[in-house]
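One structure below.
We did not get these values from a lab; they are worked out from the coordinates using the rules stated. Every value quoted in this text rests on a predicted model; they were computed, and no experiment measured them. No Cβ is skipped: glycine too gets one built from the backbone with ideal geometry, and neighbour counts run over all protein chains shown.
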Amino acid sequence: MSDGAVNDKGEQIMMGMTSLHNTLTGWFIRVAAPRPSTRQSAQGRLLDAEELCMFHQALHTAYRVFANQHPEWTQRGFDASFLHEDAAALLMVYWAADGAAQPALTGMDLARVWERKYGMLLCGADRVTQVARLAGAANVLLTALNRRRSGG
């Protein structure tokens, strides 16, 4: 074997290791990146302790209404932990917005968050059907949350 072949093989190994290092480093940075505080909406407005407490109470009440009407979805992962972990940022932006600045949040928005987490378990038409059904059910949660947000 000539020295050129060894160098080429050594370079291939180094390039492979560098590529693996870059891939793993990129994955680690995405996984370990700090999440926004649960007190802070995506628009950057901090909720004070009272607003945060009101948000969590309203979400809890809205979830109870939703769970009573749609227990099948709580068994499919659209449960309290999903709302507090996966959908929290979206719900808090909605909660923290003032009046006309309030973003339009729909059941389909929440269903899409659920789909990103659980949709890979479904295929084709079933996936579309389930997301559409969940969007309708999630509107129950949003209606109850909006009622609490409006002081009702």
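I want the local charge near Met54. Using Cβ-Cβ distances under 11 Å, sum +1 for each Lys or Arg and -1 for each Asp or Glu among the other residues.
On the way: positive: Arg148, Arg149; negative: Asp48, Glu50, Glu51.
With Lys, Arg at +1 and Asp, Glu at -1, the neighbours total -1.
Starting from the Cα coordinates of the range 48-152, work out the convex hull volume and express it per residue in Å³.
On the way: hull volume 9.8 nm³, N = 105.
Considering the Cα atoms of the range 48-152, their hull volume per residue is 94 Å³.
Within 12 Å, Cβ to Cβ, of Val65, how many net charges do the neighbouring residues add up to if Lys/Arg are +1 and Asp/Glu are -1? Let's see the in-between values first.
On the way: positive: Arg64, Arg147, Arg148; negative: none.
Charge balance near Val65 sits at +3.
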